[in-house]
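Worksheet: one structure, shown below.
Bear in mind these aren't lab numbers, they're just calculated from the coordinates by the rules spelled out. The model shown is predicted, which means the values in this text are computed figures rather than measured ones. Cβ atoms come from the backbone with ideal geometry, glycine included; neighbour counts cover every protein chain shown.
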Amino acid sequence: MPPLPEPHALALLALTLIALFLFTRERIPLETSSLIVLVLLTVGFELFPYHDDAGTLHPVDFFSGFGHEALVAVCGLMIIGHGLVRTGALEPVGRLLARMWSHSPKLSLLLTLILAGLLSAFVNNTPIVVLLLPILVSVSLRSGTSASGILMPMGLSTLVGGMSTTIGTSTNLLVVGVAADLGLRRFDMFDFFVPAVIAGSLGILYLWLIAPRILPEREAAMTDTSPRIFTAQLNIVEDSYADGRTLAELRKKTGDSMRVQRIQRGGSVLLPLPDIVIQAGDQLQLEDTPVQLKEYEQVLGAMLYSGESAVDEDHPLEAQDQQLAEIVVVQGSPLVNRTLNRSRFTDHYQLATLALSKAGSTVHTLRENIGDIRLSVGDILLVQGAREQLASIKRDGELLVLDATADLPFTDKAPIALLIMALVIVSAAIGLLPIAVSAVTGALLMLLTRALAWRDVGNALSTSVIMIVVVSLALGLALTRTGATGYLADSYLALTTGLSPHFILGGLMLMMALLTNVISNNAAAVIGTPVAISIANSLALPAEAFVLAVLFGANMSYATPMAYKTNLLVMNAGGYTFGDFVRIGLPLTAIMWLTLSWLLPRLYGF
């Protein structure tokens with residue numbers, strides 16, 4: 001093993017371990033963990049300055065990540081991707097797939113996987129998953145089959161496709177940018193397209209032919225439509241429990257769950273004040289589920305009416321022009337990290353929330369105070385509202401409405417958004433403009449053409465992505481300047497002494513693949529890139545091959561639901577468990593890893 005590095009490098013290695021630990025803590029927001037590490041880094045170098053042949057490493061240098069071209073490109077592409085969602089620019093693709101599924105499901109699944117992978121090579125995969133989730137759920141509902149066999153393969157195909165170009169993922173942009181900062185020739189957009197497509201094709205075949213067969217059938221977290229809310233009248237009968245008691249006493253009798261909208265007494269309407277005394281002949285207007293309404297009727301000894309008829313088997317409750325829908329909390333949604341009460345969800349959207357499925361398997365119902373639960377990406381709300389209101393929300397595109405229809409938001413700005421995205425891709429691909437410049441230009445064009453408003457820009461940008469990129473770049477800079485990356489490279493070479501370069505490269509890629517399923521893929525990539533270059537230089541081999549090993553490995557976020565945000569969306573929509581991702585993701589990781597470990601040495605001549 002190589003000798004221990006100097007104290008600054010040792011302290012940085014310890015801080016890196018702390019950072020990796022914090023990034024795995026679900027209870028601590030990723031942006032908070034990133035800020036903690038960034039503060040520790042800057043304060044530490046202020047109190048204990050570091051000097052080398054290049055001069056002093058100033059603490060303010062660690063803030064340079066906020067202006068790094070990779071982060072600028074990531075933010076620009078996030079804004080443009082949000083524009084595609086807001087305008088419904090990908091709607092024609094959704095319509096085509098929806099029609100095909102009705103004719104040939106097996107072939108349609110293959111086409112869906114291919115299209116999802118191709119689109120993700122140029123657009124962030126979150127909008128692609130957002131586009132396809134409602135379509136595939138709709139297909140499963142219409143056919144009466146489980147969606148679990150198709151949702152996870154679709155989600156993973158976007159991750160497979162995203163590794164094929166420099167703009168496919170933020171990870172790719174970071175690796176390319178950091179490698180260029182360290183003196184490597186900058187990768188062009190399609191420089192690693194060939195190995196990615198060869199390995200990706202095998203991955204897609206696995207997701208098409210094998211994954212659906214080994215996935216257990218799961219029931220989506222919220223497929224039961226029984227908790228619909230109805231408006232009804234509770235007629236108070238003489239000598240019943242309710243007769244002569246205050247409204248507060250009635251609420252206590254029903255476990256404080258009864259919600260009275262108003263009280264009809266003769267020709268007058270009374271406010272539902274707690275101390276009002278209820279009398280025989282009063283009509284209490286309620287809104288609740290059928291089960292709850294019938295329970296109130298029995299507990300209070302009253303008569304439940306819907307319109308002019310008493311509620312019974314021949315005269316069930318009715319909810320005219322009402323629809324149920326599922327709303328997924330996606331990145332950029334105004335609901336992220338907020339409660340329903342704080343965001344005034346009911347007032348703003350005119351929707352009643354019936355149940356909430358938290359990421360994983362916890363389902364909260366009307367019996368609990370749903371409005372005070374903080375929402376996060378991947379949560380699903382079961383809501384009820386007027387047909388026109390739900391249609392308006394889907395057209396607006398601010399929320400992802402996931403229900404039994406394939407309606408997608410579409411505006412007259414959709415062709416403009418598609419044209420802007422195409423111009424960004426082409427200008428970067430032919431070298432006319434660097435991707436950071438073309439992405440920011442595209443974001444400006446989205447605003448000038450009113451395909452997006454400034455309020456949409458705030459929703460498009462992910463604070464967690466920005467902070468993890470900045471702190472990863474800061475750690476990468478510190479590790480490189482202090483020689484810690486050289487120590488890591490020497491340690492890795494010492495552990496792999498006697499192995500061929502093929503195995504050394506494959507081992508590095510496998511290590512990145514394991515890390516990316518536990519911690520942030522961006523952090524793994526930025527820390528791994530300088531280590532890869534040091535290893536290649538020590539072996540006198542092409543550094544590009546080892547940098548690509550890091551890039552591909554850091555993209556293999558297949559085996560855990562927390563490895564990538566779209567995995568959480570797919571997990572909730574399909575009702576998957578953690579074990580389902582391991583079952584499908586590990587073989588996919590093995591396929592991609594073995595193929596790329598064989599390809600890269602041959603493509604780079606060693």
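Judged by the mean number of other Cβ atoms found within 10 Å, the most tightly packed of the peptides 468-478, 240-250 leads the ranking 468-478, 240-250. Dipole of the chain computed with +1 at Lys/Arg Cβ and -1 at Asp/Glu Cβ about the Cα centre; of THR171, SER120, GLY183, farthest Cα towards the positive end is GLY183. The count of lysine pairs in the chain that are at least 8 places apart or cross chains, and whose C-alpha atoms lie under 26 Å apart, stands at 6. Counting only Cβ charges, +1 for Lys and Arg and -1 for Asp and Glu, the dipole size of the chain around its Cα centre is about 1140 debye. Put simply, the chain fits an ellipsoid with semi-axes of 52, 27, 22 Å; these come from the alpha carbon gyration tensor as the roots of five times its eigenvalues, largest first.
Under the convention that each Lys and Arg Cβ holds +1 and each Asp and Glu Cβ holds -1, the size of the dipole of region 230-310 around its Cα centre is about 180 debye.
Both radii come from the Cα set of region 230-310: Rg as radius of gyration, Rh as Kirkwood radius; their ratio Rg/Rh reads 0.91.
Positive-end ranking of PHE230, PRO274, ALA242 along the dipole of region 230-310, with charges on Cβ about the Cα centre, is headed by PRO274. Relative contact order of the chain: 22 percent, from C-alpha pairs under 8 Å at least 6 residues apart in sequence.
Mean separation of Cα pairs under 8 Å and 6 or more residues apart, divided by the residue count, gives region 403-548 a relative contact order of 19 percent. Packing-based ranking of 198-205, 295-302, 173-180, 259-266 yields 173-180, 198-205, 295-302, 259-266, ordered from highest to lowest mean Cβ neighbour count within 10 Å.
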